Amino acid sequence: MKDDRWHVGVSQKQNPFLQIPLSWMYHIGDHGIDSGMGVETWEERYGTQMSKLDWVNNQLPYDIWEQARIWEGKNRLRNIATKRFISKD
């Protein structure tokens, strides 16, 4: 997801609450975001990933955005603790 607030780089742990499950057709198939079409073209064709997450959020009995914020906070604290542990050696 390319939103500045939630985007992470390659090989960084993704927020599990912000992952969109896609059928193979929309992931790697002819209509796939990873089929060479690219994110921008896919979003122009099918709508933004954020709008898809908003739709999912409205279907669930809990708020995925709030859960994502909680997860981000816990992950940030874990990363800080890990860096401190590594730097002591």
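Only the coordinates and a few stated rules stand behind these numbers; no lab work does. Worth saying up front: this structure is predicted, and the values here are computed from it rather than measured. Cβ: placed from backbone, ideal geometry, glycine included. Neighbour counts: every protein chain shown.
Annotations for the structure displayed:
- Burial ordering of Glu44, Glu72, fewest other beta-carbon atoms within 10 Å first: Glu44, Glu72
- By the count of other C-beta atoms within 10 Å, a proxy for reagent exposure, Arg69, Arg45 are ordered fewest to most as Arg45, Arg69.
- As a proxy for reagent exposure, ranking Met25, Met37 by other Cβ atoms within 10 Å from fewest up yields Met25, Met37.
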